[in-house]
1. Label K165 and E85 with points 7 Å out from Cα along Cα→Cβ: what is the distance between them in nm?
2. Would you mind counting up the charge near D81? Only other residues with Cβ under 12 Å from its Cβ, with Lys and Arg at +1 and Asp and Glu at -1.
3. Return the long-range amide H neighbours of G33 (sequence gap of 5 or more, or a different chain), with a cut-off of under 5 Å between placed amide H atoms.
4. Relative to the present Cα-Cα distance, how much length would full extension add between E61 and S132 at 0.36 nm per residue of separation?
5. Name the long-range amide H neighbours of N90: under 5 Å, sequence gap of 5 or more, or other chain; modelled H, no Pro or chain starts.
6. What residues have an amide H closer than 5 Å to that of R133, excluding those fewer than 5 places away on the same chain, when H is modeled at 1.01 Å from N in the peptide plane?
Amino acid sequence: MKKKIIHSLCVFTILVALNACTGGYSFTGADIGANVKTVTIEYFPNRATLVQPSLSNVFTEILRDKFISQTNLELVNYNGDLTFEGEITNYNVAAQAYQGDETAALNRLTITIRVKFTNNVEPAKSFDTSFSRYADFESTQSLMSVEDELMQQICKELVVDIFNKSVANW
């Protein structure tokens, strides 16, 4: 009987403590202030020298999906408490690991995104930064055969970096 009472008191105490928390903690690691309710994520145009036609849509949608699924923020078209805008500045494929016969064993796809993050509630947390990620692929593979998969992978990694810098305070 005592065990049930102690267990019930522990559960009740934990629930009361969690309910009393008014900060912006979430289990995703996001630390969003209680006054932040909305986010605006503008379309990221591709201004790289080499333009991959679907990259802008892919990146923008992955960024939007991250904030919709990992926060309680409402996605709005204009004037969000948090605003993301920017552009794709680099989309590049370059040889990486050379073999003895001076041919590349690996190629590297690199994507760079410039992000202007504006926190209208806490302006000191705003930034304008470039994020860059890459993925290597075998030189025996054509870019066309791996491009969609690598682009998705790199965009997801970029979005994690952006999410962490903007709302996870990492």
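1. 1.8
2. On the way: positive: K37, K125; negative: E74, E122.
Here the count lands on 0.
3. Amide H neighbours of G33, under 5 Å, 5+ apart: none.
4. On the way: separation 71, 0.36 × 71 = 25.56 nm, distance 1.78 nm.
Result for the pair: 23.8 nm of gain on full extension.
5. Answer set, sorted by chain and number: T112.
6. When sequence neighbours closer than 5 places are left aside, the close amide H contacts are I111.
None of the figures in this text is laboratory data; all of them are computed from the coordinates on show. As the structure is a computational prediction, the values presented were derived from the model and not from experiment. Glycine also receives a Cβ, built like all others from the backbone with ideal geometry; neighbour counts cover every protein chain displayed.
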